[in-house]
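Everything on this sheet refers to the single structure shown next.
The values are calculated or read from the model by the stated rules, or taken from the named source; none is laboratory data. What you see is a predicted model, and the numbers here were worked out from it, not measured in a lab. FYI the Cβ positions are ideal-geometry reconstructions off the backbone, even for glycines, and counts take in every protein chain you see.
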Amino acid sequence: MPRSWAELLGEDNAQPEPAAERAGLFSRLRDSLSKSRTALTAELASAAFDPGDAAAWERLEEALIRADVGVPATAELVRRLEARPDLADLNAALAEEISTLLGDPPILNVRANPSVLLVVGVNGTGKTTTIGKLAERLRQHGHAVVLGAADTFRAAAEEQLEIWADRANAEFVGAERGADPASVAYEAIEAATRDGRDVVIVDTAGRLHTQSNLMQELAKVRRVIEGKLEGAPHETLLVVDATTGQNGLQQARLFGEAVGVTGVALTKLDGSAKGGIAVAIAHELGLPVKLIGVGETLEDLRPFDADDFARALVSG
């Protein structure tokens with residue numbers, strides 16, 4: 001059943017969500033993955049799956065690739081399914097193997113005081129909104145937050161982040177347009193240390209048209225964070241728009257090389273037929289999906305649950 005925020009944050013004695021709330025959360029997840037599920041299961045539903053039929057395996061492979069599971073993860077899933085002694089219920093078996101491939105339940109590392117979360121991703125992925133929602137959830141769980149607006153080239157990003165800071169009762173650290181992004185990260189950590197805040201979340205730029213410069217800029221931000229606070233950043237979260245499919249995988253690879261990504265927030269699943277990208281990212285890059293976004297409201301940013309995700313993706 002869906003993981004609770006307390007479980008994601010690694011809180012002592014964390015309890016699962018109440019049964020009624022769990023059912024509602026799974027229903028929203030299932031609805032949000034309806035396009036991806038259709039892409040994955042449409043051809044498979046047309047006939048009973050015969051493990052002895054080579055064409056049936058080809059249809060399965062094509063369906064997985066169509067859902068953006070990716071070629072390497074598809075090959076691994078098929079290998080695992082072929083090794084199973086019983087495929088009477090293909091959907092259940094596939095969901096189980098996808099869940100296994102996605103890995104163990106991840107934890108968001110916010111135990112240090114202060115903890116620093118560096119958030120990266122291209123523009124348009126929902127990065128700033130994800131940060132704002134995460135800040136509010138952290139506040140609800142007793143964490144005092146500082147938001148650092150290190151995307152100093154987009155005035156709209158800073159304005160949006162400041163609005164979220166007000167909502168989450170978070171301290172806001174910004175700068176003049178065009179200022180050094182690394183200096184904002186530095187000042188945000190300084191403010192948290194000075195004011196006794198628990199978590200620093202640093203928003204960053206994501207201008208794809210200057211990709212090389214962007215990666216150099218992000219690497220500098222990370223170096224400054226490392227120099228300012230030992231052990232930081234404690235998390236480097238990449239926000240990926242699920243509708244971009246395999247492009248999201250390439251983004252994860254590039255950002256991972258530049259700043260050492262530790263986890264993924266997968267957004268816009270409610271508008272995507274490419275939800276299988278979560279499997280590709282986990283398998284090919286070894287990156288855990290820690291958060292998913294399935295809508296516009298605060299409640300629609302959720303801790304990632306591999307079992308629920310796999311069930312909703314395959315059969316609901």
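Structure above, values below:
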read-out	value
Test: residue in segment 264-274 that is under 19 Å from ALA67 (Cα atoms), among the polar types (S, T, N, Q), within 14 Å of the chain's Cα centre (by Cα) and modelled with pLDDT under 95	yes
Unique match (being closer than 16 Å to PHE309 by Cα and either basic (Lys, Arg) or modelled with pLDDT under 90 (or both)) among LEU64, LEU25, LEU44, LEU8	LEU25
Selection status of LEU134, surrounded by 24 or more Cβ atoms within 10 Å (Cβ to Cβ), in a helix (DSSP H, G or I) and touching a residue at least 60 places away in the same chain (Cβ under 8 Å)	yes
Test: residue in segment 185-205 that is under 20 Å from the mean Cα position of the chain (by Cα) and of a type in the set (Phe, Trp, Tyr)	no
Selected residue [part of a helix (DSSP H, G or I) and modelled with pLDDT under 95] from GLU187, GLU158	GLU158
Members of segment 113-131 that are of a type in the set (Val, Ile, Thr), buried (at least 24 other Cβ atoms within 10 Å of the Cβ) and over 13 Å from LEU147 (Cβ atoms)	VAL120, THR125
Output for segment 250-269, where each listed residue is in contact (Cβ under 8 Å) with a residue 40 or more places away in the chain, crowded, with 20+ Cβ neighbours inside 10 Å and either out of contact with any strand residue (DSSP E or B) (no Cβ under 8 Å at 6 or more places or on another chain) or over 24 Å from GLU299 (Cβ atoms) (or both)	GLN251, PHE255, VAL259, VAL261, THR262
Leading residue by the ranking (surrounded by the most Cβ atoms within 10 Å (Cβ to Cβ)) among those in segment 58-75 that are of a type in the set (Val, Ile, Thr) and over 16 Å from ARG253 (Cα atoms)	THR74
Qualifying positions in segment 166-183 - assigned to a helix (DSSP H, G or I), under 24 Å from the mean Cα position of the chain (by Cα) and either β-branched (Val, Ile, Thr) or within 26 Å of GLU230 (Cβ to Cβ) (or both)	PRO181, ALA182
Pairs where the first residue, in segment 276-295, is touching a residue at least 12 places away in the same chain (Cβ under 8 Å) and buried (at least 24 other Cβ atoms within 10 Å of the Cβ) and the second is in a strand (DSSP E or B) and of a type in the set (Lys, Arg), C-beta under 6 Å, 6+ apart	ILE292/ARG302
Residue that is surrounded by the fewest Cβ atoms within 10 Å (Cβ to Cβ) [pool: residues in segment 90-107 that are assigned to a helix (DSSP H, G or I) and among the hydrophobic types (A, V, I, L, M, F, W, C)]	ALA92
Selected residue (only one of THR152, THR193 is in contact with a Pro (Cβ under 6 Å, 6 or more places away or on another chain) and surrounded by fewer than 24 Cβ atoms within 10 Å (Cβ to Cβ))	THR152
Inter-residue pairs, beta-carbon under 6 Å, first without any contact (Cβ under 8 Å) to a residue 24 or more places away in the chain and closer than 26 Å to ALA310 by Cα and in segment 105-131, second among the small types (Gly, Ala, Ser) and buried (at least 18 other Cβ atoms within 10 Å of the Cβ), 6+ apart	none
Pick from segment 210-246, criterion small (Gly, Ala, Ser) and crowded, with 16+ Cβ neighbours inside 10 Å, ranking: farthest from the chain's Cα centre (by Cα)	ALA232
